[in-house]
Amino acid sequence: MRPFPPMLLVLLLWAAGLGAAAQFGKISILFETLRATYGGQGEVALGLVVSIVGMVGLIFGTTAGLLVARIGPRRAIVAALAAGAAMSALQSLMPAYPLMLASRIIEGASHLAIVVVGPTMIAALAPEHRRPLAMTLWSSFFGVTYTILALIGPLLTPTTLFLGHAAYMATLAAILALTLPPDPRGTHAPLTNILAQHAAIYLSPRLAAPAMGFCCYTFLYVAILTLLPPETPETHRALIAAGMPLVSIAVSLTLGVRLLGRMSAVRLVQVGYLVAIPGFLILWAFWGQGAGMVAGGFLLSGALGIVQGASFASIPELNDTPEDRARAAGAIAQLGNLGTTTGTPVLAALLASAGPSGLALAAVVLCGAGIAVHALQKTRRGRLA
C-alpha cells in the first residue's frame with residue numbers, strides 16, 4: 001500500500017482529537033438529561049460523570065506519555081479509539097450509575113491516550129515547513145468540537161448522540177489502523193521506576209517547559225469562558241459566549257501560524273501572554289458594560305489562542321525524538337488538566353470575594369507567570385547546552 005500523504009494523516013489525527021474532545025462535550029450538552037436519569041445520586045455524583053475524564057488525565061497524564069513511548073503511538077491511538085467507541089455505545093443504553101461511571105473512567109484513559117499520541121505523531125509526520133500549522137491545527141480540537149456540538153447537539157436525541165460518537169470513533173480506529181505507519185521496533189522505552197521518570201520529566205527544561213507554560217493557559221481560558229458570559233449584560237451575552245472560542249481558533253490558525261514562521265514557539269507563547277494582559281485590564285475597566293467586555297474578551301481570547309497553538313508547537317521545537325515528544329505531551333495533558341480543574345473554582349471564588357479587580361489581578365499574575373516560567377526554562381536550557 002502506498003503511504004498516505006503526511007498532511008492527510010495529520011487531518012485524520014486531528015479528527016481523532018475531535019472525537020476525544022467530544023468525550024467531554026457530549027456529556028456537557030446532555031447534562032440536564034443526565035440529571036433526570038442520575039440526579040437521585042446527588043450533585044457530587046452527577047458532577048463526577050462530567051469531571052472524571054479530566055481527573056484521569058490529571059492523575060495519569062505523565063504516566064500515559066511514558067506508556068505511549070513504550071507501546072508505540074499507532075497501537076495506542078487505535079486501541080484508545082476502539083475503547084472510546086465501545087464506551088459510547090454502552091452509554092447510549094443509559095446504564096446504572098456505577099456502570100456509567102466505570103465507562104467514563106475507561107473513557108478518561110481513552111481520551112488521555114489520544115491527546116498524548118495526537119501531537120506526538122503530528123510532529124513526526126508533518127513536513128518541517130508545515131509543522132507549525134499542523135501543531136496549531138491540533139491545538140484547536142477542543143474549541144472546534146464544542147462549536148460543532150453546540151450547533152448539532154440540540155438536534156439529536158441522547159441515544160443518537162452517543163451512538164453517533166461511537167460510530168465516529170470506531171470508523172477512525174479502523175482508518176488509522178490501516179493508514180498510520182507502523183510503530184518502530186526495538187525503541188520502546190523501559191517502564192521502570194515511574195516516580196524517577198516523572199521527576200526526570202519535570203526537572204527537564206525541554207520536556208517540562210511546554211506543559212508549565214500551558215498550565216497557566218488552561219487555568220485562565222476555561223474559567224474565563226465559564227465566568228464571563230453570566231457577568232456580561234444580556235444584550236451582549238450570546239456574542240461573547242459564542243465569539244470568544246471562535247476568535248481564539250481563528251487567530252491561532254491565521255496570525256498564530258504566520259508568527260510561528262517568524263519567531264520561536266516559546267517566544268510566541270510569551271508574546272501571547274503579554275498581549276492578553278491588556279485584555280484583562282480592559283475587562284476590569286469596562287466590567288458590566290457590554291461592548292467593553294466584548295472587546296476585552298475578544299482581545300484576551302485571541303491572545304490566549306496564540307498561547308494555545310504555540311504551546312503545542314513548542315513540543316517538537318524543544319524535543320527531537322518521538323519518545324521525548326510523547327513525554328512532553330503527557331506532561332501537557334497532566335498540567336493542562338490541573339489548570340482546567342482548578343482555574344474555574346479559584347477564579348470564581350476571587351470574583352465573588354474581591355470582584356472584577358480580584359479576577360483581573362489574578363489573571364495578570366498568571367500571564368506573568370506564563371512568561372516567567374518560559375524565561376526561566378530558557379535560561380536553564382542555555383546552561384545545559
Given unit charges at Cβ for Lys, Arg (+) and Asp, Glu (-), the dipole magnitude of the stretch 201-384 about its Cα centre in debye, nearest 20, is 560 debye
The Cα extents of the chain along the principal axes, largest first and rounded to whole Å, are 59, 56, 39
For LYS26, LYS378, ascending order of other Cβ atoms within 10 Å (fewest first) is LYS378, LYS26
Taking the chain and counting helices only, DSSP H stretches of n ≥ 4 at -39,500 (n - 2.57) each over all residues, the nearest-500 ellipticity at 222 nm comes to -29000 deg cm²/dmol
What the Cα atoms of the stretch 6-191 span along the principal axes, largest first and in whole Å, is 51, 37, 25
Here the gain from full extension of LEU255 to LEU376, 0.36 nm per residue of separation minus their alpha-carbon distance, amounts to 40.9 nm
Rg (one decimal) and Dmax (whole number) from the Cα set of the stretch 106-232, in Å, equal 18.4, 56
For the stretch 332-385, the Cα-Cα pair-distance distribution in 5 Å bins from 0, as whole percents, is 4, 17, 16, 21, 16, 11, 7, 4, 2, 0
Packing-ranked peptide list from 301-313, 220-232, highest mean Cβ count within 10 angstrom first, is 301-313, 220-232
The relative contact order of the chain, taking Cα pairs under 8 Å that sit 6 or more residues apart, comes to a percentage of 26 percent
The farthest towards the positive end of the charge dipole of the chain, of the residues LEU304, VAL271, THR226, given +1 on Cβ of Lys and Arg and -1 on Cβ of Asp and Glu, is VAL271
For the stretch 336-353, in residue order, the Karplus 3J(HN,Hα) values (coefficients 6.51, -1.76, 1.60; θ = phi - 60°; whole Hz; Gly and Pro = x) are x, 5, 4, x, 4, 6, 9, x, 4, x, 5, 5, 5, 5, 5, 5, 5, 8
On each of the three principal axes the extent of the alpha-carbon atoms of the stretch 201-384, given in whole Å and largest first, is 51, 34, 23
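Laboratory data are not the source of any read-out in this text; all were calculated from the coordinates shown. Since this is a predicted model, take the numbers as computed values, not measurements. Heads up, the Cβs are rebuilt from the backbone with ideal geometry, glycines too, and the neighbour counts pull from every protein chain shown.
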